[in-house]
Amino acid sequence: MVRWEPGARERLKAAALELFARQGFDGTTVAEIAAAAGVTERTFFRYFADKREVLFTGQEEFERDFVDGLGDAGEAHPMAMIARALDRAAARFPDERRPWSRARQDVIDVEPSLQERELLKLSALAAALTRALQLRGVDATTAALAAESGVAVFRIAFAAWIADGEQRSLPELQRATLAELRALVDTV
């Protein structure tokens, strides 16, 4: 096997996703992923702590994109800050990434432990956004409501974005979902 060949990380991700889809997550070993990517198991572990991390790598960057997208508090309403954060984070999901994201979600949807991990990831995102809003002077209750609402908007828009036949971009879907949330709240 070739060592340190360029693109090993992406080959490992592609091989893992293909094997997970074909054999199931539990039915796939790190050795099989490494072999399919043309690298050693040791190389696999240079990039990922375990096979779950192939699907969940980049949590810190994911959260940072949202938090950095909040911008400075200034005179901005907390939901306006969340809308900016959603727009900023959507850059992580260009349309060419949609097939990979769809296949990743298919693997997660059939494995309860991966579903739990996905929920923990989104919960951590909500907590990070809540803390960041509070640091920008937003009171605790408003910060938590805005953060949780933003995560709900992302989750719903993301599910729509990876749905078969969907053509709209993630930013378009997030804006539409946020508008639906505003309309829903305005009717109370």
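The values are calculated or read from the model by the stated rules, or taken from the named source; none is laboratory data. Model, not experiment: these values are computed from the prediction. As a convention, Cβ positions derive from the backbone with ideal geometry for all residues, glycine included, and neighbour counts pool all protein chains shown.
A few notes on this one:
- Per the listing D72, D68, D50, D95, the residue uniquely more than 23 Å from A163 (Cα to Cα), of a type in the set (D, E) and touching a residue at least 60 places away in the same chain (Cβ under 8 Å) is D72.
- The C-beta contact set for region 138-156 (first residue more than 17 Å from F62 (Cβ to Cβ) and touching a residue at least 60 places away in the same chain (Cβ under 8 Å), second residue basic (K, R) and outside any helix (DSSP H, G or I), distance under 6 angstrom, 6+ apart or interchain) is empty.
- Single match in R131, R104 (criterion: part of a helix (DSSP H, G or I), surrounded by fewer than 19 Cβ atoms within 10 Å (Cβ to Cβ) and of a type in the set (K, R)): R131
- There is no residue in region 74-89 that is under 22 Å from the mean Cα position of the chain (by Cα), assigned to a loop (DSSP other than H, G, I, E, B) and not hydroxyl-bearing (S, T, Y).
- Verdict on A127 being in contact with a helix residue (DSSP H, G or I) (Cβ under 7 Å, 6 or more places away or on another chain) and not assigned by TED's automatic domain parsing to the domain that holds T28: no
- Any hit, region 85-97, residues being surrounded by fewer than 14 Cβ atoms within 10 Å (Cβ to Cβ) and more than 30 Å from T28 (Cβ to Cβ): yes
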